[in-house]
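Everything on this sheet refers to the single structure shown next.
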Amino acid sequence: MRQLFKNPTRIFMIFLVATIALGGTTACKSKKKLAAEQAAAAFEAKVTKAKKDLNAIINGTSDMTLDEQRKRVAQIKGYNINDPEIDKLISMAEKEIDFQQAEFDRKAEEERLRKEEEARRRAAQSEYAVIDNKFRDIAESKSMDAANAQIGLTLQQFASPDVPVLIIISQSGSMNDYDRPTTAEKFLNYLKDVKAYKYTVETVKRDSLGKITEIELLKK
């Protein structure tokens, strides 16, 4: 022992080695602790962000599209957080997404039907405008011969000269009040005589050949 103390250099070297060894162990432990703390912080941040996104989806305040919301929920499920609160939020978010998707599909279908109805109405108006113009041409013919020629051409559009012509004189909701019924031939000759067309086509029924089988006119 005395010999050991007589060699200061050796004592210093032993102390230095011990210090380095102790410091290395401490440094290693510190790095592991830091890594664990960083991992815990990252996990906590992930959980916090997951809750925020899920609540935004549930409350309808998310700026993500429905497809993006669905992918985000699937991503959060993939984290396997195993937290009862997260699990509940995931379930609520999935239900909200399904509800919003159903609403989106319903509105899309309503819009599709609206466009179809609008197209049908425009087509009907276009068709009715042609008929209105034919009737107007008869009324405004400059001679009896011209009117008779127009009547002959127009009657070709009807299934027969006796096709009913119904004249609406008033409307109340879905109820119509009609004038005395007449026929296509009688009505066209009436237009020739009065030389005025004060009606507009309301509805038209056709047979399989496209011939008019019934027509409703609204009196102006």
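The values are calculated or read from the model by the stated rules, or taken from the named source; none is laboratory data. In this text the structure is predicted, and so the values were computed from the model without any measurement. Cβ sites come from the backbone with ideal geometry, for glycine too, and all protein chains shown count toward neighbours.
Looking at region 190-217, which of its residues are aliphatic (A, V, I, L, M) and either assigned to a loop (DSSP other than H, G, I, E, B) or closer than 13 Å to residue 127 by Cβ (or both)? Within region 190-217, 196, 201, 204, 209, 212, 215 meet the criteria. Listed by first and then second residue, the pairs with beta-carbon distance under 9 Å, at least 6 apart or on different chains, first residue in region 116-133 and closer than 17 Å to residue 205 by Cβ, second at pLDDT below 90, form an empty list.
Within region 78-111, the residues that satisfy the criterion of being touching a Leu at 6+ places or on another chain (Cβ under 8 Å) and surrounded by 12 or more Cβ atoms within 10 Å (Cβ to Cβ) are 86, 89, 90, 92, 93, 97, 100, 101.
Of the residues that sit in region 187-220 and are under 17 Å from residue 150 (Cα atoms) and without any contact (Cβ under 8 Å) to a residue 12 or more places away in the chain, which one is surrounded by the fewest Cβ atoms within 10 Å (Cβ to Cβ)? By that ranking, first place goes to 193. Quick one: is residue 75 surrounded by 11 or more Cβ atoms within 10 Å (Cβ to Cβ), touching a residue at least 24 places away in the same chain (Cβ under 8 Å), among the polar types (S, T, N, Q) and at negative phi? No: the conditions fail for residue 75.
Scanning region 136-186 for residues that are farther than 24 Å from residue 207 by Cα, acidic (Asp, Glu) and surrounded by fewer than 13 Cβ atoms within 10 Å (Cβ to Cβ) turns up 145, 177. Condition check for residue 123 on (1) farther than 30 Å from residue 215 by Cα; (2) at pLDDT below 85; (3) among the hydrophobic types (A, V, I, L, M, F, W, C): one failure, at (1).
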